[in-house]
Amino acid sequence: MAALLDELPRFFSYYNVIFLAQAFAYTAGLSLVGCGLGFVAGFGLAVLRQERVMRFAPVRILALLYVELFRRIPFLVLLMVVFFGFQLAGADVPMFVVAATTVALSAAAFSAENVRAGLEAVHRNQWDAAETLNMGGLRALRLVVLPQAWRIIIPPSMTYAVGLVKATSIASQIGVAELTFAAKILNQKGFSPALCFGTILVLYFVLCWSLNRFAAHLEVRLAPSRSR
Amino acid sequence: MGYTLQYGQVTPYLGYLAGGAWLALQIAAVAFLIGWAIGLVCASVLHYGPRPARWLVRAYVTFFLNTPLLVQIFFIYFALPDYGILIGSVEAVILGMSLNAGAYMAEIQRAGFASIRRAEIEAAETLGFSRLQQIRYVILPHIAKVLYPPLSNQYIILTMTTSVAAIFGVEELTGRAYNINAQTFRSLEIFSIAAVYYVVLTVIASAVLYAIGRFLFRIKGKVF
């Protein structure tokens with residue numbers, strides 16, 4: 001313990017702090033871009049699964065298949081598939097793109113489920129009523145269902161986003177300069193592992209905990225009133 | 001471009017990969033059982049324990065829920081040896097996964113405890129049930145039915161999580177995929193096959209857990 005304390009000033013030197021701050025920003029950015037793209041894609045998938053919007057059954061089944069498959073592939077394996085997929089396709093892309101694509105592919109599957117749950121929480125009569133008013137599927141979705149569903153969709157999606165922030169730590173395996181990778185580098189520079197990994201555990205905690213608090217706050221704030 | 005997928009080169013390794021899947025299932029099962037026990041103790045403390053103990057458990061749960069499993073295992077595997085605690089890679093992975101799953105399952109089971117209504121206990125008391133009988137005939141059946149779906153979901157998640165063990169050199173499904181990749185260089189082929197293995201593994205596990213839930217607790221809803 002005393003040795004750890006001795007090491008502290010050396011560990012939190014100017015350059016190391018900047019290095020860690022950059023890695024923190026990288027993790028946050030990777031999560032934001034990945035989750036953002038994934039949520040948009042997942043939203044599309046969930047909409048495609050709605051019978052009222054997509055009348056053509058094969059597309060609905062394809063969307064379902066995507067969700068069921070990608071929810072069952074571990075992040076690490078998906079990362080490897082995307083990594084080698086890009087490589088073998090001859091696309092010379094930055095590692096950030098590889099990592100963000102993986103996060104997005106995985107986020108799409110999970111958020112599709114959240115969005116679907118939200119859409120299905122809106123009573124069927126609402127769709128029927130919209131149809132009676134001669135609204136098409138997409139119009140009913142936009143004007144009738146979504147205004148009621150988004151309150152149910154957002155809080156669990158935030159919780160899943162936290163899960164993905166944690167999953168980005170696995171992206172250190174392909175060498176993107178996010179927090180876990182930064183800790184490994186500092187560790188290899190000779191700083192004690194307890195300090196390196198302990199520090200990033202705290203940093204991850206700060207990020208995820210505040211996001212989770214925000215999600216909990218939204219859940220209370222957005223809770224749909226039950227009185228009709 | 002110009003790359004052709006050659007699955008023929010990796011087919012001799014399918015059995016080897018299946019062995020890895022078996023190891024993954026074992027790791028998941030052990031981590032699940034330990035995590036479940038941790039979760040049960042923590043949930044009991046959260047619900048019935050004295051205040052300082054509750055704070056401690058809450059701190060543990062909050063910390064483990066908000067940090068990545070990979071970094072937790074890194075800490076266990078690399079930092080603990082500095083303090084004289086030497087553990088192998090499989091043990092470190094299982095320990096990390098158990099502690100992590102324990103935090104999740106504490107939350108799940110706390111919700112289960114909270115779902116028992118006072119009126120139920122009072123009704124049992126009115127019928128002259130002893131404390132043990134209350135637990136056996138009222139509390140347990142109720143809790144089991146409420147907890148079964150989220151806990152089986154947790155098992156499926158743990159099965160996928162075992163892939164992290166590959167990073168620590170454990171030769172489970174993903175670890176063996178790494179090995180085969182190193183031997184054949186058919187990277188995309190082998191990792192896509194590994195992905196299919198995980199899908200099949202979790203689909204089978206889901207189906208079995210669903211059947212058990214249906215049979216034991218008459219749960220009709222979807223499990224995972």
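Which whole-number percent gives the relative contact order of chain A, counting Cα pairs below 8 Å spaced six or more residues apart? Please list the in-between numbers first.
Values: 234 pairs, mean separation 60.4, N = 228.
Normalised by residue count, the contact order of chain A is 26 percent.
Angle check, please: helix B:187-217 long axis (alpha carbons) against the longest principal axis of chain B (alpha carbons), in degrees 0 to 90, nearest 10.
The two axes meet at around 20 degrees.
Averaged across A:86-94, how many Cβ atoms of other chains sit within 10 Å of each residue's Cβ atom?
Details: counts 1, 3, 9, 4, 3, 1, 0, 0, 0.
Counting other chains' Cβ atoms within 10 Å and averaging over A:86-94 gives 2.
How many percent of all Cα-Cα pairs in the range A:1-91 sit more than 19 Å apart? Walk me through the numbers before you get to the answer.
Values: 2722 of 4095 pairs.
Roughly 66 percent, once rounded to a whole number.
When you have a sec, figure out the Kirkwood radius of the range A:15-222 from all distinct Cα pair distances and drop it here in Å to one decimal? Kindly include the intermediate steps, with their values, before the conclusion.
On the way: mean 1/r = 0.0535 Å⁻¹.
Answer for the range A:15-222: a Kirkwood hydrodynamic radius of 18.7 Å.
Within 10 Å of each Cβ in peptide B:185-195, how many partner chain Cβ atoms are there on average? Round it to a whole number, please. All intermediate terms of the calculation are to be shown ahead of the outcome.
Details: counts 0, 2, 7, 10, 2, 3, 11, 6, 2, 6, 9.
Per-residue shielding by partner chains comes out at 5.
Would you please put A:43-52, A:104-113, B:91-100 in order of how densely packed they are, using the mean number of other Cβ atoms within 10 angstrom per residue and starting with the highest?
Numbers: A:43-52: 19.1, A:104-113: 23.9, B:91-100: 22.3.
The densest-packed peptide leads the list: A:104-113, B:91-100, A:43-52.
Mind listing the phi-derived Karplus ³J(HN,Hα) values for the range B:174-186, rounded to whole Hz, using 6.51, -1.76 and 1.60 with θ = phi - 60°, and x for any glycine or proline?
Ordered by residue, 3J(HN,Hα) equals 5, x, 5, 4, 4, 4, 5, 4, 5, 8, 10, 6, 8 Hz.
Sorted by average packing, counted as other Cβ atoms within 10 angstrom per residue and highest first, what order do A:73-83, B:178-188, A:89-99 take? Please report the intermediate quantities before stating the final value.
Details: A:73-83: 24.6, B:178-188: 17.5, A:89-99: 14.2.
The most tightly packed comes first, giving A:73-83, B:178-188, A:89-99.
For the protein assembly as shown, how many pairs of lysine residues have a Cα-Cα distance under 29 Å, where the two are 8 or more positions apart or belong to different chains? Before the final figure, lay out each step's value.
Numbers: A:Lys166/A:Lys184; A:Lys166/A:Lys189; A:Lys166/B:Lys222; B:Lys145/B:Lys220; B:Lys145/B:Lys222.
Pairs that pass both the separation and distance tests number 5.
Within the range A:91-124, find all residues whose amide N lies under 13 Å from a label point positioned 7 Å from the Cα of A:Met54 along Cα-to-beta-carbon.
A:109, A:112-113, A:116
Measure of size requested: the Rg and Dmax of the protein assembly as shown, with Cα atoms as the atom set and Å as the unit; please supply both.
23.7, 78
What are the radius of gyration and Dmax of the range B:40-168, computed over its Cα atoms and given in Å?
Calculated on Cα positions, Rg and Dmax stand at 18.2, 59 Å.
Compute the helix-to-body angle for A:57-70: its Cα long axis versus the longest principal axis of chain A, expressed 0 to 90° and rounded to tens.
20
Among A:Leu20, A:Val206, B:Tyr13, which residue has its Cα furthest toward the positive end of the charge dipole of the protein assembly as shown, with +1 on Lys/Arg Cβ and -1 on Asp/Glu Cβ?
Selected residue: A:Val206.
Give me a comma-separated list of calculated 3J(HN,Hα) values for the range B:83-92, in order, Karplus coefficients 6.51, -1.76, 1.60 applied at θ = phi - 60°, integers in Hz, x for any Gly or Pro.
Rounded to whole hertz, the list is 10, x, 9, 9, 10, x, 5, 4, 5, 4.
What list of ³J(HN,Hα) couplings, whole Hz, do you get for the range A:180-187 from phi and the Karplus terms 6.51, -1.76, 1.60, once you set θ to phi - 60° and write x for glycine and proline?
3J(HN,Hα) across the range A:180-187, in whole Hz: 4, 5, 4, 5, 5, 4, 4, 4.
Return an integer: the convex hull volume of the alpha-carbon atoms of the range B:11-98, in Å³ per residue. Walk me through the numbers on the way to the answer.
Numbers: hull volume 10.4 nm³, N = 88.
Given the Cα convex hull of the range B:11-98, per-residue volume reads 118 Å³.
Average projected area of the Cα convex hull of the range B:154-224, in nm²? Before the final figure, lay out the partial values.
Values: hull surface 20.7 nm².
Orientation-averaged projected area of the Cα hull: 5.2 nm².
How big is Rg to Rh over chain B, alpha-carbon atoms, Rh as the Kirkwood inverse-mean-distance radius?
Details: Rg = 21.2 Å, Rh = 19.7 Å.
Across chain B, the Cα-based Rg/Rh ratio is 1.08.
Using r as the Cβ-Cβ distance of A:Leu5 and B:Ile121, and R0 as 45 Å, what FRET efficiency do you calculate, to the nearest 0.05? Write out the running numbers ahead of the final one.
Details: r = 52 Å, r/R0 = 1.15.
Taking R0 as 45 Å, the efficiency between A:Leu5 and B:Ile121 is 0.30.
Just how large is the dipole of the range A:15-222 about the Cα centre, in debye to the nearest 20, putting +1 at every Lys and Arg Cβ and -1 at every Asp and Glu Cβ?
Values: 16 positive and 9 negative charges, 43 e Å.
Using only the charged Cβ atoms, the result is roughly 200 debye.
With +1 on the Cβ of every Lys and Arg and -1 on the Cβ of every Asp and Glu, and nothing else charged, how large is the dipole of chain B about its Cα centre, in debye rounded to the nearest 20?
860
Hey, got the dipole for the protein assembly as shown? About the Cα centre, +1 on K and R Cβ, -1 on D and E Cβ, debye to the nearest 20? Walk me through the numbers on the way to the answer.
On the way: 34 positive and 20 negative charges, 308 e Å.
Dipole of the protein assembly as shown, to the nearest 20 debye: 1480 debye.
Just the Cα atoms of the range A:137-201: what Rg and Dmax do they give in Å?
19.8, 61
Determine the gain in length on full extension of the stretch B:Ala211-B:Val41; use 0.36 nm per residue of separation and subtract their C-alpha separation, reporting nm with one decimal.
Working: separation 170, 0.36 × 170 = 61.20 nm, distance 2.77 nm.
Residue separation times 0.36 nm, minus the Cα-Cα distance, leaves 58.4 nm.
If you fit an axis through the alpha-carbon atoms of helix B:140-161 and take the longest principal axis of the Cα set of chain B, what angle between them do you get, 0 to 90°, nearest 10?
The angle comes out near 20 degrees.
Every number in this text was worked out from the coordinates using simple rules, so none of it is lab data. Quantities reported herein were computed from a predicted structural model and do not represent experimental measurements. We place every Cβ from the backbone using ideal geometry, glycine too, and count neighbours over all the protein chains shown.
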